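Asker: Take a look at this one; I'll ask things after.
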Amino acid sequence: METIVFALVNGVIYGLLLFMLSSGLTLIFSMMGVLNFAHASFYMLGAFFAYTIMGATSFWLALIFAPILVGLIGAAVERYGLRRVHVNGHVAELLFTFGLAYLIEEIVKIVYGKTAVNYRVPSILDFPAVQIYGADLPAYRIFMLFVAMAMLIGLWLLLRRTRAGLIIQAALSHPHMVGHLGHNVPLIFMTVFGIGCALAGLAGVIAGNIFVTDPSMAVQMGPIVFVVVVVGGIGSLEGAFVASLLIGLLQNLAVGINASFADIFGFLGLTSASEVGSITVSSLGPVLPFLLLVLILIFRPQGLMGEREL
Amino acid sequence: MNIKKTAILAAALSVFTLTAATADTIKMAFIDPLSGPFGPSGESAYTSFQLAAEHINAAGGVNGDKVEITGYDNKVNPKESLVQLQKALDDGARYIVQGNGSSVASALIKAVNKYNARNPGHEVLFFNYAAVTPAFTNEMCSFWHFRFDAHADMKMAAITDWIKQNPDIHKVYIIGQDYVFGQAVAKAAVEQLAKKRPDIKIVGNELHPLGKVKDFTPYTQKIISSGADAVITGNWGADMQLLMKAAAESGSSVPYLTFYGGSKGTVAALGAAGVGRLYQVSEGITNLPASPEQYALIEEYKKRFPQYDYYYHRAFNTMAMFKAAAEKAGSVEPIPVAHALEGLSIDQAYGKAIMRASDHQVQQPLYISVVSDDVKYGVDDTKYGWKLVPGGTISLEAAEQPTTCKMKRPT
C-alpha cells in the first residue's frame, strides 16, 4: 500500500515535469509542423543557467530569470535560424534542430566542463515536508508540484481565456487567415517558440538540482519527451498532459512491482528458471514508455488525443 | 648537389631524432569515461594517474624514460572502448589503463589477448585499476591483464564479515547496476551471507539499468517498505550519488554498505544524513594514519585538482608497481615488465601490495570506513569525510580469496 501511495505521488510529480517539457514541444509542432530535436537542450540550458544565477544571487531569481533567458534564446533561434531555414522545407528544419542540439551540448561542455555541476536544492526548501508511511517527502518535491501546477493553469488560461491565446490558436491551424486579418503571424510563431523553450527551461530549473545537471542531460531526457508527445498525439496539449501523467505513473509504479514474468505468465508454462521468466517488472520500468510508444504507433497512430496522423 | 646532401642529412637526422624521442617516452593510454554521467569517476582517476606519472618523471622517470599518459574518452561503452583502444595502439601505446565498468574491461581483455596473439613483439599490457568482476582473475584470467583493485568477492567478504559482527542486522537489501559487475556483486552477497549469517533474510535483490535512472526515490521507497536493516550496493559514479540523494531525501536511517561510497558527490549528496550511515570498503582512506609524504601527496592532489578529492589511491599503487617492475626487469617492454610484476611486492602508504603471480590479482589490506564529521580530511568540500570503523582493518592475508585461474604464459 505505502509503495503505491508513494509511487502515485512521485509519478504525478515526474509526470507534471514531463508535461512542462513536452507542452512546449507539442505547441511548436502544431505551429510549425516540425519536431524540435533541440527541445531537451533548452531544458538543459535552463538547469545550467539556474546554476549560474543561483551561484551569483539566489534560487528565486534563477527561477524567474533562467526560463526568461532560455525563452529569449529560443526566440532568437526561431527568428534568425528556423525562419530562414523554413523556406527550404521540413527536412531542412528537422536537420537544423538536430544540429542545434549538438551545438548546444558542445557549447555547454566548453563553458561548464564535461562533468556534472553542483546545482543544489535551495536550503530553504531542503527539509522533509510530510511523512508518508515512514518515508519523508521532501519539501522541494511539493514545491515542484506547485510550480508545475501553476505553469499548467497559467498555460491553460493564456491559451483559452485571453485574446492572445485566441490568436495563437487560430494561427496554429489557419496561419494565412490570421495573417490576412492583420496579425503579425511570424511574431506569433516566434513568441510561441520562445514560450515553449522557456517552459523547457523552467523544467530544467526545477529538475536540474533534484536529478543531475550535466551536459548529457539533454540527450537522456530527449527520447522520453518525444515518447510523451507521440503517445499524447502530436500537437495536442491535452494529450501531452495525459501521456505525461501516464508515463510518470507507469515508470514509478513498475519499479514497485516485484513480480517476474514467470509469476504473471506462469499459466503459459513459463518458469522463473528460464531467461525470460526471470525478468521482473521492476527491471522493465525504464523500457515501458518505449513499449507504450511502439504500441501506440501500431494501434493508434494519431496518439491518445491527436487529430492528425504522423 | 649540396642541397641534396643537406636534405638527405636532414631526413636522416629527423628519423634519428624521431626514434630517439619515442624511445624516451613510455606511452600509456587511459581509456575511461571522461564525459557524461560517469565522467567524474573517470576524470578523478585520470588526474590521479597523471599526478603519479608527474612524480615518477620528476624523480628521473622509469629506467630513465618518461611516462606519458593520454586520456581516451570511451563513455563507458564497450564498443566505443575498442575504437579508442585501436586509436591508442595507433598512437603507439604499450600500456592500457582502464577501470570504470567491467563490461568495458571484459571487452578490452579479449581485444588485448587477440591483439597480442596477432602482433608478437608489439604486445600491450592492460592495467585494470577498478573493474572488479571476479571472473577477470578467475576463469577469464589473462597473462596480459593485471588488476590493482580488490575484486568484488574480496570486497564483499569484508562487508559480510562486518555484517557478521553486527547481530542487529537481520534483513538485508541488495541493489545494484544491471550488468556483469552488479550481477557479480549480488551473487557474492547472497552466497557469502548464506555462509556467514544463514539467519539473515535477503528482503530485496534489485538490479536497475546502468546510468539511466535519474530518480531513485521509488527504489529507496521499496527499501524502506521492505524493512531492511542494511543495504548492500556496488553502485558507482552517478548511480551511487543519486541513490544516496534519494536515500537522504526519504529520511530513512538504514546503513548503506557500499563499494564506492567514495564516488564524487555521494557524501555531499547526503550531508549530515551520511554520518554513521554510509560505509565503504576501499584500499585506503585519506584519514588513516600515514607518512608525511602521503599527507603531502593528498594535499598536493587537492590543490592541483580542487574539484576532486584524493580517492584513487590504487592509481598511485599501479604506477608505483609498474615502476618497480620495470626497474626490476631493467626494461620498459611489456613482456619483461609483466614477468617482473608477477609476485612483486611494494610498500605503499597503507600497507603492502603484492601482485599475486597465479592470477595477476593484487593483494592488499582493505579498510571499512564510515562517513564522520570528526576527520582530518573532508570530501566533496564538506566537513564530512571517511573514518575507519572499529575493527575495520582487513589484513592482506584475510582479504585474500582463492582463484581458479590457470595462467597461460607466453613461451
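Asker: Residues of segment B:215-239 that become at least 50 Å² less accessible with every protein chain present than in their own chain isolated, using 1.4 Å: which are they?
Answerer: For segment B:215-239, once contacts with the other chains are taken into account, B:Asp215, B:Pro218, B:Gln221, B:Lys222 lose 50 Å² or more.
Asker: Let me ask something additional. Output the residues of segment A:185-213 meeting this criterion: accessible area (heavy atoms, 1.4 Å probe) in the chain alone minus accessible area with all protein chains in place is 50 Å² or greater.
Answerer: Residues losing area: A:Phe211, A:Val212.
Asker: Taking Cα atoms of segment A:79-127, Rg/Rh with Kirkwood Rh, to two decimals? Write down the numbers at each step before the final one.
Answerer: Numbers: Rg = 17.3 Å, Rh = 13.6 Å.
Using Cα coordinates only, the ratio equals 1.27.
Asker: What accessible area per residue comes out for segment A:2-299, rounded to a whole number of Å², with a 1.4 Å probe? Don't skip to the end; give the middle numbers.
Answerer: Numbers: 13050 Å² over 298 residues.
The answer is 44 Å² per residue.
Asker: If you don't mind, there's one more thing I want to ask. Obtain the radius of gyration and the Kirkwood radius of chain A from its C-alpha atoms and give Rg over Rh.
Answerer: Numbers: Rg = 20.5 Å, Rh = 20.5 Å.
Checking Rg against Rh, the ratio lands at 1.00.
Asker: A further question on this structure: Using only atoms on other chains, find how many Cβ atoms lie within 10 Å of each Cβ of peptide B:32-39 and report the average.
Answerer: Shielding by partners across B:32-39 averages 5.
Asker: Sorted by mean Cβ packing within 10 Å, highest first, what order do the peptides A:166-173, B:208-215 take? Show your work: numbers first, answer last.
Answerer: Values: A:166-173: 17.0, B:208-215: 20.2.
Final packing ranking: B:208-215, A:166-173.
Asker: If you don't mind, another one. For the protein assembly as shown, give me every cysteine whose Cβ has no other Cys Cβ within less than 4.7 Å, ordered by residue number.
Answerer: Taking the Cβ cut-off of 4.7 Å, the unpaired cysteines of the protein assembly as shown are A:Cys197.
Asker: Using 0.36 nm times the number of residues separating A:Asn184 and A:Ser123, minus their current alpha carbon distance, what extension gain do you get?
Answerer: Details: separation 61, 0.36 × 61 = 21.96 nm, distance 4.48 nm.
The span from A:Asn184 to A:Ser123 would gain 17.5 nm if fully extended.
Asker: Have a look at the DSSP beta bridges in the protein assembly as shown and tell me what percent are antiparallel, nearest 5. Mind dumping the intermediate values first?
Answerer: Working: 23 of 59 bridges.
Antiparallel bridges make up about 40 percent of those DSSP assigns within the protein assembly as shown.
Asker: Right, something else. For labels at B:Ser395 and A:Gln131 in the simple 7 Å Cα→Cβ model, what's the distance in nm?
Answerer: 4.6 nm
Asker: Going down the list B:Lys214/B:Lys264; B:Lys171/B:Lys222; B:Lys79/B:Lys114; B:Lys352/B:Lys408; B:Lys196/B:Lys222, which pairs span over 18 Å between their C-alpha atoms? Each step should come with its number before you reach the end.
Answerer: On the way: B:Lys214/B:Lys264 16 Å; B:Lys171/B:Lys222 13 Å; B:Lys79/B:Lys114 16 Å; B:Lys352/B:Lys408 26 Å; B:Lys196/B:Lys222 26 Å.
As for pairs spanning more than 18 Å Cα to Cα, those are B:Lys352/B:Lys408; B:Lys196/B:Lys222.
Asker: Amide H neighbours of B:Lys75 under 5 Å, counting only residues 5+ apart in sequence or on other chains, H built in-plane at 1.01 Å?
Answerer: Residues meeting the criterion, in which the H sits 1.01 Å from N, are B:Leu34, B:Ser35.
Asker: Between segment B:233-309 and segment B:392-410, how many Å separate their Cα centres?
Answerer: 26 Å
Asker: Let me ask something else. Percent relative contact order of segment B:165-280, based on C-alpha pairs within less than 8 angstrom and at least six residues apart? Please list the in-between numbers first.
Answerer: Working: 200 pairs, mean separation 31.2, N = 116.
Normalised by residue count, the contact order of segment B:165-280 is 27 percent.
Asker: Here's a follow-up. Return the equivalent ellipsoid semi-axes of chain B as a descending list in whole Å, where each equals the square root of 5 times an eigenvalue of the C-alpha gyration tensor.
Answerer: Values: eigenvalues 315, 96, 82 Å².
Semi-axes (√(5λ), whole Å): 40, 22, 20.
Asker: Could you tell me the total accessible area buried at the B-A interface, probe 1.4 Å, in square angstrom to the nearest hundred? Provide the component values of the computation, followed by the final result.
Answerer: Working: alone 16770 and 15290 Å², together 29690 Å².
Chains B and A together bury roughly 2400 Å² of accessible area.
Asker: Provide the gained length on full extension for the span B:His122 to B:Tyr295, in nm with one decimal, where the gain is 0.36 nm per separating residue minus the Cα-Cα distance. Before the final figure, lay out each step's value.
Answerer: Details: separation 173, 0.36 × 173 = 62.28 nm, distance 3.90 nm.
Separation in residues times 0.36 nm, less the Cα-Cα distance, equals 58.4 nm.
Asker: What is the sum of charges around B:Leu396, taking Lys and Arg as +1, Asp and Glu as -1, for the other residues whose C-beta is under 13 Å from the C-beta of B:Leu396? Provide the component values of the computation, followed by the final result.
Answerer: Details: positive: B:Lys352, B:Arg356; negative: B:Glu283, B:Asp347, B:Glu397, B:Glu400.
Neighbourhood net charge equals -2.
Asker: Where a Cα-Cα gap under 14 Å defines reach, which aspartates and glutamates qualify for B:Lys66, not counting those fewer than 8 residues away within the same chain?
Answerer: Reachable aspartates and glutamates: B:Asp24, B:Glu54, B:Glu327, B:Glu333.
Asker: State the percentage of accessible surface on chain A attributable to carbon and sulfur atoms; use a 1.4 Å probe and exclude ligands, DNA and RNA. Before the final figure, lay out each step's value.
Answerer: Working: 9980 of 14100 Å².
Reported share for carbon and sulfur atoms: 71 percent.
Asker: While we're looking at this one, here's another question. Could I have the simple spin-label model distance between A:Ile279 and B:Glu139, label points 7 Å from Cα toward Cβ, reported in nm to one decimal?
Answerer: 2.4 nm
Asker: So what's the back-of-envelope 222 nm ellipticity for the protein assembly as shown, counting only DSSP H runs of four-plus at -39500 (n - 2.57) apiece and dividing by all residues, rounded to 500? Show your work: numbers first, answer last.
Answerer: Numbers: 27 runs with 387 residues, N = 721.
Computed mean residue ellipticity for the protein assembly as shown: -17500 deg cm²/dmol.
Asker: While we're looking at this one, here's another question. Once the dipole of chain A is set up with Lys and Arg at +1 and Asp and Glu at -1 on Cβ about the Cα centre, which of A:Gly24, A:Pro122, A:Gly182 lies farthest towards its positive end?
Answerer: A:Gly182
Asker: I would also like to ask the following. So, in nm, how far is label B:Ala357 from label A:Val87 when the simple model puts each one 7 Å beyond its Cα toward the Cβ?
Answerer: It works out to 7.8 nm between the two label points.
Asker: May I pose another question? Given springs between every Cα pair under 10 Å in a Gaussian network model of chain B, which of B:Ala399, B:Ala59, B:Ala315 has the largest fluctuation?
Answerer: Taking springs between Cα atoms under 10 Å, the residue moving most is B:Ala59.
Asker: Here's something else I'd like to know. Over what distance in Å are the Cα centres of segment A:1-41 and segment A:234-268 separated?
Answerer: 15 Å
The values are calculated or read from the model by the stated rules, or taken from the named source; none is laboratory data. Being a predicted model, the structure only gives us computed values, none of them experimental. With ideal geometry, Cβ positions are generated from the backbone for all residues, glycine too; neighbour counts draw on all protein chains shown. The area values use the complete protein model at the heavy-atom level, side chains included, leaving out ligands, DNA and RNA. Shrake-Rupley method; radii C 1.70, N 1.55, O 1.52, S 1.80 Å.
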